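Here's the structure we're looking at; comments come further down.
The values are calculated or read from the model by the stated rules, or taken from the named source; none is laboratory data. The structure displayed is predicted, hence computed values, not measured ones. Cβ coordinates were reconstructed from backbone atoms using ideal geometry, including for glycine residues, and neighbour counts include every protein chain displayed. In case anyone asks, the SASA skips ligands and DNA or RNA and just uses the protein heavy atoms, side chains included. Shrake-Rupley method; radii C 1.70, N 1.55, O 1.52, S 1.80 Å.
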Amino acid sequence: MPFLGQDWRSPGWSWIKTEDGWKRCESWSRDLERENNPRALTHSVILNSDDEEIFSNEEQEYTSKKRKKDHFRNDTNAQCFYREKWIYVHKESTRERHGYCTLGEAFNRLDFSSAIQDIRRFTYVVKLLQLIARSQLTSLSGAAQKNYFSVLDKIVQKVLDDHQNPRLIKDLLQDLSSTLCILLRGVGKSVLVGNINIWVCRLETVLRWQQQLQDLQVTKVNDGLTLSDLPLHMLNNILYRFSDGWDIVTLGQVTPTLSMLSEDRRLWKKLCQYHFAEKQFCRHLIVSEKGHVEWKLMYFALQKHYPPREQYGDTLHFCRHCSILFWKDSGHPCTAADPDSCFMPVSPQHFIDLFKF
């Protein structure tokens, strides 16, 4: 028999009638679970028995840390979160909706686990995780933090398997490890959700991921055509397709021909014009002894002072008419007469700003 409380939206508890009266079904399920799972006995029960003390203080501390560590690792891969293509972003309570949508709730409900498998959304998700690691990690709920590290684990394993975008993940893990070190050494329990040992385990996991990426070696393929077999104009076209200067520098280290093409002044000039405005050029103008503008040096100098232009294959969109956040390809049931005029692309920084009150 279901019991309905004052809140009509609550499903209430399930009750069963016995000879002694009505009892909750949950108590029966817990007793059954304890009988089926002998490991469910807590450590405190063992230590509080009348027998003589088995564990010393050091052994107790070691056993406790090991159990928490194993529990964290076992539960990391288990996800019980939503996989929605769109969510309603409400910032205040109404009669129909109580509370408001937080950053952690949005991160849990949107389907980021599947998004990282899409090459168009991969960079977007990585950038979002990096921004959260820099400033918003402590604002996530416990479930959202667990989901965060679960998605990050999938990203790292994907990079280790297909050897794509390792530099992006290295930058993300560097920011995350720096944040965790500051939180653990500085403020600690005052802002962290959960046991401090869990966060120590998470930091150890991040450091292990960094070491795995550091040891990552791309397998050389000898079959088929290579970059050295392509004509110069095709190699030059490939370089002009890159939007990140570090990718051009890395590709220039492959062969002497690519090294020569990667130093082209016009290539770096076009890259500077793509990412930065002309007013910014005047403030950081670098001229060589011959009077030529050093566009390559200017690019990296401007990158330190101004954020580069972000480019993503697919992003989240926000409907201003329905207040719904959704993936562009998935769409959402919009009630506006002209839905396309209400859609607005959401950058990773704008995604975080949506949930600041």
**Q.** Distance between modelled label sites at L216 and D161, nm, 7 Å Cα→Cβ extension
**A.** 1.3 nm
Q: Give me the net charge of Y240's neighbourhood, meaning all other residues with Cβ under 10 Å from the Cβ of Y240; Lys, Arg count +1, Asp, Glu -1.
A: +2
Q: Sorted from largest down, give the three principal axis spans of the alpha carbons of segment 261-327, whole angstrom values.
A: 58, 27, 16
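If you take every residue apart from L140 with its C-beta less than 14 Å away from the C-beta of L140, what net charge results, scoring Lys and Arg +1 and Asp and Glu -1? Mind dumping the intermediate values first?
Numbers: positive: R109, R134, K146, R202, K356; negative: E105.
For residues surrounding L140, the net value is +4.
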Q: Hey, can you find the accessible area per residue of segment 284-357 for me, probe 1.4 Å, expressed in square angstrom?
A: 58 Å²
**Q.** segment 160-282 shape via C-alpha gyration tensor axes, a/c threshold 1.5
**A.** oblate
Q. Applying 1/(1 + (r/R0)^6) with R0 = 22 Å to the Cβ-Cβ distance of T102 and Q280, what FRET efficiency is obtained, to the nearest 0.05?
A. 0.05
Q. Efficiency by 1/(1 + (r/R0)^6): what FRET value for E289 and V249, r their Cβ-Cβ distance, R0 = 22 Å, to the nearest 0.05?
A. 0.45
Q. What's the carbon and sulfur percent of segment 130-234's accessible surface, probe 1.4 angstrom, rounded to a whole number?
A. 53 percent
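Less than 14 Å Cβ to Cβ from D161, Lys/Arg counted +1 and Asp/Glu -1: what total charge do the surrounding residues give? Intermediate results must be reported in sequence, preceding the final value.
Details: positive: K154, K158; negative: D153, D162.
Here the charged neighbours net out to 0.
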**Q.** Between segment 202-250 and segment 304-357, the alpha-carbon center distance in angstrom
**A.** 30 Å
Q: Scan segment 174-279 for chymotrypsin sites (Phe, Trp or Tyr not before Pro) in coil per DSSP, keeping those whose Cβ has at most 16 other Cβ atoms within 10 Å, and list them by number.
A: F242
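Once R0 is set to 30 Å, what does the formula 1/(1 + (r/R0)^6) return for the Cβ-Cβ distance between N237 and E310, expressed as a FRET efficiency to the nearest 0.05?
Working: r = 23 Å, r/R0 = 0.77.
For N237 and E310, the calculated efficiency is 0.85.
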